Amino acid sequence: MIRKNSPQAWFLAIRPKTLAAASTPVIVACALAWRDDGFQWRPALICLVFALLAQIISNLANDYFDYKKGTDNEERLGPKRAVSEGWISPNVMLGVTLTLLALDLALGLLLLHYGGWKLIFVGLLVAIFAFAYSGGPYPLAYHGWGDVCVFVFFGILPVGFTYYVQTLQWNLPALICGACVGLVIINILVANNYRDRFTDAKSGKKTSIVLFGEKFGQWFYLLNGVLAVAGCQYFLLENALWASLLPCIFLIFHILTWKKMIRIHQGRALIAILEKTSRNALIFGMLLATGLLLSRAI
């Protein structure tokens, strides 16, 4: 029995197994900055904490808004949500989410010292996304934009700007890394939406899988991972051999998880696919980061 507003309730609410989506882009960006002789540990650490807090804020906001919209109900197959289970009251959840958002924005102000005042707009974009994803008059996740949002806000932006605050440049390698990381992290959302495709359809949540079907979800999942590894082959052009080769190992984990997802097909057992996909994203990030570091050493 989980007591209301207990530490255990909050620990489950932040969904710690999804935090790889926040840490992976920062790890890759820092490795790229190191390769380019631009790594700075202070802004890198701020970016990591900022990204983790942003992920937690997004998770809490999603918990709150999905409850308000009736998406989290007794038919839901995924992990239990704090508000719908009564572990945390809606008002408390919203209050803590807004408090953490203010704290994260204040933390982001420290990055202005490294990257300039233009970063204010990045912080505002992140804040808007955290709530617009599942809340507001046009919740993006309910209208098929979830995959695009994840690609941008968990791939392109965090990699690009973590790299930027350390090197004061945003180049093609940073864009490539951001795109590859974004493609891998999209699959965390795909695994979640594939599991919930029937209940999402009933509740009116139009994810890409609800819109385009089960087969689309299966092949989309596979293709994202393959394209991410294919994108890493760009580094052959920069004589960064390990950055192109090591990510290929990720395909072993990726394909095994994809096959298991198809074999399970539906039901609560698909929760394991979400967990493995999050693990795979971190593995990809570590492989790419290691490849970038080794390429500099060579």
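The values are calculated or read from the model by the stated rules, or taken from the named source; none is laboratory data. What you see is a predicted model, and the numbers here were worked out from it, not measured in a lab. With ideal geometry, Cβ positions are generated from the backbone for all residues, glycine too; neighbour counts draw on all protein chains shown. Ligands, DNA and RNA are stripped out before the accessible areas are found, and what is left, the full protein with its side chains, is counted by its heavy atoms. Shrake-Rupley method; radii C 1.70, N 1.55, O 1.52, S 1.80 Å.
Below are the figures for this structure:
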read-out	value
Normalised contact order of segment 88-216, rounded percent, pairs of Cα under 8 Å and 6 or more residues apart	22
Relative contact order computed over the chain (Cα-Cα under 8 Å; 6+ residues apart), in percent	24
For segment 244-298 versus segment 107-136, the gap between their alpha-carbon centres in whole angstrom	29
³J(HN,Hα), Karplus 6.51/-1.76/1.60, whole Hz, each residue of segment 267-274, x for Gly, Pro	x, 5, 4, 5, 4, 4, 5, 4
Potential extension, I252-W117 segment - 0.36 nm per residue separation minus Cα distance	44.3 nm
Ordering of 150-161, 248-259 by packing [mean C-beta count within 10 Å, highest first]	150-161, 248-259
FRET efficiency, Q233 to M1 (Cβ-Cβ, R0 45 Å, nearest 0.05)	0.30
³J(HN,Hα) computed for each position of segment 2-14 - Karplus, 6.51 cos²θ - 1.76 cosθ + 1.60, integer Hz, glycine/proline x	9, 6, 5, 6, 7, x, 5, 4, 5, 4, 5, 5, 6
F11 versus T290: modelled label distance in nm, points set 7 Å from Cα along the beta carbon direction	2.9
Accessible surface of the chain [probe 1.4 Å, protein heavy atoms]: carbon and sulfur percent	70
Whole-Hz ³J(HN,Hα) from phi, Karplus 6.51 cos²θ - 1.76 cosθ + 1.60, for segment 169-177, glycine and proline x	8, 9, 10, 4, x, 5, 5, 4, 4
Residue-normalised accessible area of segment 239-291, given per residue in Å² at a 1.4 Å probe	46
Amide H contacts of K206 (H built 1.01 Å from N, under 5 Å, at least 5 apart or other chain)	H143, G144
